[in-house]
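Accompanying notes for the structure given below.
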Amino acid sequence: MIGLDICPTALPSWQKLSKLATTAKTMSLMEMFKEDANRAQRMAIEHDGLLLDFSKNLVDDTIWETLLELARQSHIERHRSALFAGEAINVTEDRPVSHPMLRCNHTDKQLSEDDALITMASEMRDHMADISEKIRSGQWLGVTGKPIRTILHIGIGGSALGPELACEALRPYSHPEIDIFFVANVDGAEILPLLKTLDPETTLVVVASKTFTTQETLINANTAACWLKESLGLENSPNSEHFIAITAQPENARLFGISESRILTFHHSVGGRYSLWSTVGLTVAIAVGFERFQQMLDGARAMDLHFTSAPLSSNLPVVMALLGIWYNNFLDATTVAIVPYCQRLSLLPTYLQQLDMESNGKSVSLSGQAINYATGPIVWGQPGTSGQHAFFQLLHQGTHLVPVDFIAAVNEPSSNHQHHSALLNNMLAQAAALMCGQTDERLPPHKYHAGNRPSNILLCNELTPYNFGQIISLYEHKIFVQGSIWNINSYDQWGVERGKGIANAIQNSTDGALEDMDSSTKHLSGFIKKMTSTAS
Ligand code: F6P
């Protein structure tokens, strides 16, 4: 990114796309399929067990070629080289972005030449493998001599969403005798009832926090520490076999009382929302075994190799990124729906909300200039078929254009033919209905479906650890390409600091000492104090 501060709206391709957008609004997808019998084959990419069908998008050859030209004129390949060369592309924190280095090896020269970081990541994985094997085999004993059989993972945002998604996605591979629980919210209604159901003698608390200063995580970790202290008579429970810390700030974990030998670290150049591949993934390795965690890394690495080598026109992250920019910046579609027809990926929309919206929800350029064009979209969704009974009415007949990413596994060992064929047929039907609509003139208006509603369909052969890793890496790089074209820093998150500061001010304020707050906050805070005292 160094020396690459390109305003996209100044590019000829961007200006051409603005003109082409008017034609797109009258485009008929069905007509394009009729005119080109080969469209479905031409606009599909098969790679390493994945199939992306992007033929149901509102693009003709001219628009598609112009979008590819936008990628070239934005120099995304030079940005990509800077990413993998370890340049400080996170310009506001003057850091490289090193999550891809967590899944490559010393021979992958096109992925990294930072041998020190690769060695550090390898040593980190060895430590993870050792711990996960000890726990899975029952060798890791609590203070009363019983083997650990429950993992309570405490963390929030990138320190929880990735591991929780991976544990859910890879549930068929999980250890039958080890239960995994995740706690993120500071709302005591999440952790307190849960602790009542757990056996402290066989519970290991994994506290994941890149900074080890996040208020919610520390409050939850302290509650877990008190629970262990009271139930096991442990004076300093964080300094026991019942606590592990995962952080980029080991000193803060030591200050919390966690033993040095049970603090796993990762490099500060790994972004929180990109940290699944680091020691933050320990809980995943415990759940499914380190070998399968490694397979997940291998899938992500395979996608990295694809991203760094495939031509732009058949490059999965580039294709998905360009289509997203087409809708977001030229067709006024400011949201994108993630609809996995795969219950094991039910947490994917939530995970991608942070990955995408915390990366590209920005409004200043790499050089700090105010931006006057749309950047990161609003990401939302839930699995199909459930979503069909929640928001598909709006997708079909609403006034908003919402591009949809459908994601599914062709084979699902956890299911059976009846269920799985119904699932996949519903997905195909919904994508077809969105595209073809129902435009019979004889229909009453309320039954009219305009159609021409775009979608991508991403299929994997089976949701294995490898294919799961590919899919996550695919979205990571899609987000990178979009941020690169939008000329923003996708790797900082200064927007989350203000709210934290005000929360601390309110939390630490004595009665009435909110003088510099707005009258609404003062009034609400006073009401809460009054009602809380009334209730207790
Ligand atoms: O949401 C803000 C954020 O800083 C995320 O980027 C991060 O994943 C999350 O909070 C948790 O931060 P930490 O891992 O430092 O506890």
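The values are calculated or read from the model by the stated rules, or taken from the named source; none is laboratory data. These numbers come from a predicted model, not from an experiment. Here the Cβ is made from the backbone with ideal geometry for all residues, glycine too, and neighbour counts use every protein chain on show.
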Worksheet item: Quick one: is S275 under 20 Å from T150 (Cα atoms) and of a type in the set (S, T, Y)?
Response: no
Worksheet item: Hey, any hits in region 261-274 for a residue that's part of a helix (DSSP H, G or I) and more than 16 Å from the ligand (Cβ to nearest atom)?
Response: yes
Worksheet item: Consider T107 against the criteria (1) in contact (Cβ under 8 Å) with a residue 24 or more places away in the chain; (2) outside any helix (DSSP H, G or I); (3) among the β-branched types (V, I, T): it satisfies all of them except one. Which criterion is unmet?
Response: (1)
Fill in: Subset of region 297-321 (residues that are of a type in the set (A, V, I, L, M, F, W, C) and more than 19 Å from the chain's Cα centre (by Cα))
L305, A310, L312
Worksheet item: Considering region 7-38 alone, what residues qualify as being among the hydrophobic types (A, V, I, L, M, F, W, C), in contact with a Leu (Cβ under 9 Å, 6 or more places away or on another chain) and part of a loop (DSSP other than H, G, I, E, B)?
Response: L11, M27
Practice prompt. Scan region 407-428 for residues that are surrounded by fewer than 16 Cβ atoms within 10 Å (Cβ to Cβ) and in contact with a strand residue (DSSP E or B) (Cβ under 6 Å, 6 or more places away or on another chain) and report the count.
Written response: 2
Discussion item. I want to confirm something. Restricting to region 336-364 and keeping residues that are within 16 Å of P383 (Cβ to Cβ) and of a type in the set (V, I, T), which single residue is surrounded by the most Cβ atoms within 10 Å (Cβ to Cβ)?
Written reply: V339
Worksheet item: So which residues in region 234-246 are outside any loop (DSSP other than H, G, I, E, B) and more than 24 Å from R136 (Cα to Cα), if there are any at all?
Response: none
Worksheet entry | Scope region 234-249; condition of a type outside the set (D, E, K, R) and away from the ligand (no atom under 13 Å from the Cβ); matching residues | L234, N236, S237, P238, N239, S240, H242, F243, I244
Worksheet, complete the sentence: Checked pairs for region 509-529, first of a type in the set (D, E), second at pLDDT 80 or above, C-beta under 8 Å and 6 or more apart or across chains, list as D511/K529
Worksheet entry | Filter pass, R149 being under 30 Å from C342 (Cα atoms) and touching a Ser or Thr at 6+ places or on another chain (Cβ under 9 Å) | yes
Worksheet item: Only one of these conditions is not met by A287: (1) assigned to a helix (DSSP H, G or I); (2) under 26 Å from I45 (Cβ atoms). Which number is it?
Response: (2)
Discussion item. Would you confirm, using the coordinates I've provided, whether T9 is of a type in the set (S, T, Y) and farther than 30 Å from D94 by Cβ?
Written reply: no
Worksheet item: Of (1) in contact (Cβ under 8 Å) with a residue 40 or more places away in the chain; (2) of a type outside the set (D, E, K, R); (3) part of a helix (DSSP H, G or I); (4) surrounded by fewer than 21 Cβ atoms within 10 Å (Cβ to Cβ), S122 satisfies all except one. Which?
Response: (1)
Response to the item:
Looking across region 125-153 at residues that are of a type in the set (V, I, T) and farther than 15 Å from V284 by Cα, the single one that is surrounded by the most Cβ atoms within 10 Å (Cβ to Cβ) is I148
Practice prompt. Counting only residues that are at pLDDT 95 or above and buried (at least 18 other Cβ atoms within 10 Å of the Cβ), give me the helices (runs of 4 or more DSSP H) lying completely in region 429-536 with at least 2 of them.
Written response: 465-485
Practice prompt. Report whether or not R136 is touching a Lys or Arg at 6+ places or on another chain (Cβ under 7 Å) and farther than 18 Å from W486 by Cβ.
Written response: no
Response to the item:
Subset of region 475-524, residues within 16 Å of the ligand (Cβ to nearest atom) and basic (K, R), comes to R498, K500
Worksheet item: Would you say T223 is touching a Lys or Arg at 6+ places or on another chain (Cβ under 9 Å), surrounded by 15 or more Cβ atoms within 10 Å (Cβ to Cβ) and in contact (Cβ under 8 Å) with a residue 24 or more places away in the chain?
Response: no
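Results for (1) touching a Phe, Trp or Tyr at 6+ places or on another chain (Cβ under 9 Å); (2) outside any helix (DSSP H, G or I); (3) under 19 Å from W494 (Cα atoms), shown as yes or no for each residue.
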{"position": "S313", "(1), (2), (3)": "yes, no, no"}
{"position": "V318", "(1), (2), (3)": "yes, no, no"}
{"position": "L322", "(1), (2), (3)": "yes, no, no"}
{"position": "Y327", "(1), (2), (3)": "no, no, no"}
{"position": "A333", "(1), (2), (3)": "yes, yes, no"}
{"position": "A337", "(1), (2), (3)": "yes, yes, no"}
{"position": "K362", "(1), (2), (3)": "yes, yes, yes"}
{"position": "S367", "(1), (2), (3)": "no, yes, yes"}
{"position": "P383", "(1), (2), (3)": "yes, yes, no"}
